[in-house]
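Working notes, structure below.
The values are calculated or read from the model by the stated rules, or taken from the named source; none is laboratory data. Being a predicted model, the structure only gives us computed values, none of them experimental. As a convention, Cβ positions derive from the backbone with ideal geometry for all residues, glycine included, and neighbour counts pool all protein chains shown.
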Amino acid sequence: MNVSCLQEHLQRGLGQVQRAVASKSSLPVLSNVLVTTDEGRLRLSATNMEIGITTWIDAAIEEEGRTTVDARLLGEFVNTLPPGQVRLSMQPAKPILAIKSGRDSANINGIDADDFPEIASLDDEGATFSAELDAQQLREAIALVELAAAADDSRPVLAGMLMRFDGDRLMMAAADGFRMAVRTVALTAAVEETRATIVPARALREVARIIGDQTEPVRLAITPARSQLVFRVGQTEVLSRLIDGTFPDVMQIVPREFETSVEVGREPFSNAVRRAGYFARDNNDVVRLTIHPGDDDLEPGTIEVSANAAERGTSQSFVDASITGKRAEIAFNARYLADVLGVLRQGQVFLGMNGSNQAGVVKVVGDDHYDHVIMPMVIGS
């Protein structure tokens, strides 16, 4: 191998793939990044066997070759190099990568590239399903949904996110048993068949991170073995394993009619919930909402947001709101409520309730493409 490229391109590429490097593994090669020439470009790949990330960078290829080297060490060294040309080379039959930039150089011992796992690509033949959608819409959908995925893998299906392709729509959903989020976005072209699959939430978080401010559409495909999903974002691909199992029937869970409906400014409501949350930390994160409808058109309704912690004290805030229906009381986990209010960016949010013992729904006023369902907590007398 004999390759030269810009330091800033190499640094950015290594930064993209390092998130897929295995932190702990019985296979030493999974701590490495695969460095290989590929049709006139330099390809960098890493995988922890759950997700794999591959990115291509522009390079001048004088001699083909490939090897794997410690991802952390290579990244740290390249990050400290000055801007300009970096030359990568290795001797035949020796997996030692030589890096040279001006008067700075290093030799990093590697592991033969043949020991590195194969990472499927979007260009591989035989994909059983493919689709395309707007990058920023996908990024927003992931942000709105992933917060409801379970944080641990004790129930793998709930640590994933459902992606259901139907016609010209993609529905994404996540649920951890206490809350659920559902978002629908448009595809750039209708798919020929309905397909549902469950993707680990952590993999989709990486997709959202890599999208960044990208504007070109994201393409995706399911591998021939139907066990992996590949996303292409610009010059980078993310490969994720899929989760076997049955996802909850989300459309049966989302309430559509409410005894009490509230429209309230997101920012004042969010601030009130955060204030109460500081006290609720010592009382199982319980925040109580009391909905007071206005007496007439001249007196607005209010949401009373309160928390009570025996050791710390009490908190009480009032937020003006437009309320339809009867007076209501309900308690939510403060963190769950703060999470969804934090990802909603629009000015007005909707809160729908059917009593203190049934799930509440939070969404943006006028947006029928997103629902966030939160299970209530028991309210003491």
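For the range 50-58, does any single residue satisfy the condition of being touching a residue at least 24 places away in the same chain (Cβ under 8 Å), over 21 Å from Ser101 (Cβ atoms), touching a helix residue (DSSP H, G or I) at 6+ places or on another chain (Cβ under 9 Å) and part of a loop (DSSP other than H, G, I, E, B)? Taking every residue of the range 50-58 in turn, at least one turns out to be touching a residue at least 24 places away in the same chain (Cβ under 8 Å), over 21 Å from Ser101 (Cβ atoms), touching a helix residue (DSSP H, G or I) at 6+ places or on another chain (Cβ under 9 Å) and part of a loop (DSSP other than H, G, I, E, B). Screening Arg43 against (1) crowded, with 16+ Cβ neighbours inside 10 Å; (2) without any contact (Cβ under 8 Å) to a residue 12 or more places away in the chain leaves a single unmet condition, (2). For the range 172-203, how many residues meet the condition of being within 17 Å of Ala135 (Cβ to Cβ), surrounded by fewer than 16 Cβ atoms within 10 Å (Cβ to Cβ) and either β-branched (Val, Ile, Thr) or out of contact with any Leu (no Cβ under 8 Å at 6 or more places or on another chain) (or both)? Here the count works out to 2. Quick one: would you say Leu298 is exposed (fewer than 13 other Cβ atoms within 10 Å of the Cβ) and either touching a strand residue (DSSP E or B) at 6+ places or on another chain (Cβ under 6 Å) or not aromatic (Phe, Trp, Tyr) (or both)? Yes: the conditions hold for Leu298. The single residue among Thr55, Thr68 that is touching a Phe, Trp or Tyr at 6+ places or on another chain (Cβ under 7 Å), β-branched (Val, Ile, Thr) and not assigned by TED's automatic domain parsing to the domain that holds Gly212 turns out to be Thr68. Considering every residue within the range 230-246, establish whether at least one is within 16 Å of Val349 (Cα to Cα) and in a strand (DSSP E or B). No, the conditions are met nowhere in the range 230-246. If you go through the range 177-214 and keep only what is at pLDDT 95 or above and acidic (Asp, Glu), you end up with just Glu206. Against the list (1) surrounded by fewer than 19 Cβ atoms within 10 Å (Cβ to Cβ); (2) touching a Gly at 6+ places or on another chain (Cβ under 6 Å); (3) under 19 Å from Gly360 (Cα atoms), the condition Phe258 fails is (1). Closer than 15 Å to Asp115 by Cβ, surrounded by fewer than 23 Cβ atoms within 10 Å (Cβ to Cβ), modelled with pLDDT under 95 and of a type outside the set (Phe, Trp, Tyr): does that describe Ser31? In short, no.
Residues checked against (1) part of a helix (DSSP H, G or I); (2) crowded, with 16+ Cβ neighbours inside 10 Å; (3) not assigned by TED's automatic domain parsing to the domain that holds Leu170:
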{"residue": "Val305", "(1), (2), (3)": "no, yes, yes"}
{"residue": "Tyr336", "(1), (2), (3)": "yes, yes, yes"}
{"residue": "Val340", "(1), (2), (3)": "yes, yes, yes"}
{"residue": "Asp368", "(1), (2), (3)": "no, no, yes"}
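State yes or no: is Ala93 among the hydrophobic types (A, V, I, L, M, F, W, C), free of Cβ contacts under 8 Å to residues at least 12 places away in the same chain and outside any strand (DSSP E or B)? For Ala93, the condition - among the hydrophobic types (A, V, I, L, M, F, W, C), free of Cβ contacts under 8 Å to residues at least 12 places away in the same chain and outside any strand (DSSP E or B) - is met.
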